[in-house]
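Presented below is the structure to which this report refers.
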Amino acid sequence: MRNWFFVIGCTICLSACFSSRHIAKNEDEISISSLRVLGEYDLPGAMQLKNSTIGGLSSIDYDKTNDIYYLISDDPSAYGPARYYTAKIYLTEKGIDSVKILDMVPLLDTIGREYPDIRKDRYHSLDAESMRYNPVQDELVYGSEGQRAKNNDGILQVQNPVIIAANRNGSFKDSFALPPNMHMYLTENGLRHNSVFEGLTFNNTYTSMFVSVEEPIYEDGPRAATGDSTAWIRILKFDTKTRKQIAQYAYKIDAVPYLPDPPSAFKINGVSDILYIGNDKFIVTERAYITGRIPSYVRFYLADISGASDISAVNSLIAQPPSQPVSKKLLLNLETLGRHIDNIEGLSLGPLLPNGHRTLIAVADNNFSDKQRSQFWLFEVIP
């Protein structure tokens, strides 16, 4: 376990001090110029809870009313059932004092069963990657990767990703309708395997939901990892009442920052989470992994969709580049911290600090590896 403290500003009370009454009255007016690191905390590896291994933490969302966090695991039922966890995060003058995992809740399919182990039944499995809590409808909404991979017999199988609304007990409630370009195909069309709905967030009134695709769909061109070039990904906007898509926007991801070792080895850069902060603005997490280098390379951007054009009717961004893409500005390159940065996949606003500034909490997916960490990072949002 490692618990580093970088910047001591004002004293931070225990998280219990930051109740819902301390949340800013007008959350539409959250402004951000930069992020300041306050601390980092690692969960011990291979912790067990209710016959599950705690790990693969791929999203985090703060329920300010109950002062708890929801964390989805991207485990496709190999180390326990497909599931999410609830947690408490305790803050002190040293940053993050501790993280306590409270409960594990299995996610259930449309007929109330736990999802099968992906190693035994890929087609019916669930590889969940993103999740947020909607307090207006008292439901959790999560997104999955889907599958486009060969089975044990070498036959290519496809399974469409899903965006599902669930009750807090994990039971299925409803699903969101996906447009044709957000499906998996046997041909190289639509979504890429293991690069789908990594990010999900609601606007402040919970009338709209935004979902990001980690990497480009085939029609939009090669991955950012190819030739160390930039690439286009899509951000989808849904109506939370009708559960239908109402727009898509083009967002350009950065090039992979370094060559792998050897140069022909695997490399990737994509969007691992998005977080709405008001006024059509988001914090976007771009996360790169490069073979031969131990850390992940993570950058937080401030993105704005207010002037972006709707590309939902555009089949290919190669053939028809976006007239107005999502604008972006670098907030923080975590490489500059000089610390080990792991596979950050979740981002949430947290309680207020005594100085009135918002906190931002990030979580890293350890991929159930003893060489990676389930990290929690605490940042101060500087207006």
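Taken together, the values in this text are just the output of simple stated rules run on the coordinates, not laboratory data. It should be emphasised that the depicted structure is a prediction, and the values quoted were computed from it without experimental measurement. Quick reminder, even Gly has a Cβ in these numbers, built from the backbone with ideal geometry, and neighbours come from all protein chains shown.
Return the single residue from Asp75, Asp239, Asp370 with maximal mean-square fluctuation; model: Gaussian network over the chain, springs between Cα atoms under 10 Å. Among Asp75, Asp239, Asp370, the largest mean-square fluctuation in the Gaussian network model of the chain belongs to Asp370. The eigenvalues of the Cα gyration tensor, multiplied by 5 and square-rooted, give region 144-232 an equivalent ellipsoid with semi-axes of 26, 19, 11 Å from largest to smallest. Given that just one value was derived from the coordinates, which of (1) 19.5, 60; (2) 20.5, 62; (3) 24.8, 78 is Rg and Dmax of the Cα atoms in Å? Of the labelled values, this structure produces (1). Per-residue extension of 0.36 nm, minus the Cα-Cα distance of Leu49 and Asp370, leaves a gain of 113.8 nm for this segment. In a DSSP loop and with at most 13 other Cβ atoms within 10 Å, the GluC sites (Glu not before Pro) in region 188-246 are Glu188.
Sequence-distant contacts, meaning Cα pairs under 8 Å at least 6 residues apart, place the relative contact order of the chain at 17 percent. In this structure, Ser306 and Arg339 have a Cβ-Cβ separation that, at R0 = 35 Å, corresponds to a calculated FRET efficiency of about 0.55.
Contact order, relative form, for region 169-255: 23 percent (alpha carbon pairs under 8 Å, 6 or more residues apart, mean separation divided by residue count). Summing Cβ point charges (Lys, Arg +1; Asp, Glu -1) relative to the Cα centre of region 3-382 gives a dipole of roughly 200 debye.
Here region 321-383 yields Rg over Rh of 1.07, to two decimals, using C-alpha coordinates and the Kirkwood radius. Using only side-chain charges placed at the Cβ, +1 for Lys and Arg and -1 for Asp and Glu, the dipole size of region 244-369 relative to its Cα centre rounds to 160 debye. Computed from label points 7 Å out along Cα-Cβ, the spacing between Lys173 and Glu219 is 3.2 nm.
The distance linking region 330-349 with region 222-270 is 18 Å (Cα centroid to Cα centroid, whole angstrom). Beyond a 21 Å Cα-Cα separation, which of these cross-linked pairs lie in this structure: Lys252/Lys329; Lys88/Lys328; Lys100/Lys281; Lys64/Lys88; Lys241/Lys329? Checking Cα-Cα distances, Lys88/Lys328; Lys100/Lys281; Lys241/Lys329 exceed 21 Å. Applying 1/(1 + (r/R0)^6) with r as the Cβ-Cβ distance of Thr242 and Asp103 and R0 = 25 angstrom yields a FRET efficiency of 0.20. Could you tell me what percent of the DSSP beta bridges with both partners in region 49-148 are antiparallel, to the nearest 5? If I count the DSSP bridges inside region 49-148, around 100 percent turn out antiparallel. Between Pro161, Pro216, Pro179, the GNM of the chain built on Cα springs shorter than 10 angstrom shows Pro179 fluctuating the most. Just checking the listed ones, Lys252, Lys371, Lys64: in the Gaussian network model of the chain with Cα springs under 10 Å, the one fluctuating most is Lys371. Rg over Rh for region 74-161 works out to 1.09, using Cα positions for both radii and the Kirkwood form for Rh.
Centroid-to-centroid, using Cα positions, region 159-201 and region 45-105 are 22 Å apart.
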